Amino acid sequence: MSNETRLSEYIANHILWSGETFGRGKRTAGLIKHIRSELDEIAENPGDLMEWVDVIILALDGAWRNCPASSTDIAAAMIAKQVINKWRQWPKIEEVSEDEPSEHLK
């Protein structure tokens, strides 16, 4: 089984659980508020892996709720975006403070 297939299965399981637990609406504003709350928790304790994972899960929730995308579509988009990011030009490591975002060169 490929990594993309396993990722797609994980997302499909999440979609099923989330839809049954929270309903199938878009929930956009609530998800954004929840992500902001989780980011505050990360700021307080950046070494807590589970808080980072909370943000990932909430982002997946927002993706399936707000985009016409299946679990396979989301997994494929994640992989495609990684490829895009690898091809982009980025500033030199020493040119960006650790406290500032590293955004690709345009």
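Coordinate-derived values only; no laboratory data. None of the values given here were measured: they were computed from a predicted structure. Backbone-built Cβ (ideal geometry, glycine too); neighbour counts: all protein chains shown.
If you take the square roots of the eigenvalues of the alpha-carbon gyration tensor of the chain and sort them as a ≥ b ≥ c, do you get rounded (a/c under 1.5), prolate (a/b over b/c) or oblate? Present the calculation step by step, with values, prior to reporting the outcome.
Working: a/c = 2.04, a/b = 1.32, b/c = 1.55.
Since a/c reaches 1.5 but b/c is at least a/b, the shape of the chain is classed as oblate.
For the chain, the membrane-span-like helices by this rule, meaning whole DSSP H stretches whose C-alpha atoms cover at least 15 Å of axis and whose Kyte-Doolittle mean is 0.5 or above, are 49-66; this says nothing about an actual membrane. Counting pairs of alpha carbon atoms under 8 Å apart in space and at least six apart in sequence, what relative contact order in percent does region 1-88 give? With pairs under 8 Å counted, the relative contact order is 42 percent. What does a probe at residue 12 reach in region 75-105, counting residues whose amide N is under 16 Å from the point 7 Å along Cα→Cβ? Answer for region 75-105: 75-77. With a threshold of 25 Å on the Cα-Cα distance, the over-threshold entries among 81/106; 26/86; 86/106 are 26/86. Summed over qualifying helices (DSSP H, 4 residues or more, each -39500 (n - 2.57)) and divided by its residue number, the chain shows a 222 nm mean residue ellipticity of -23000 deg cm²/dmol.
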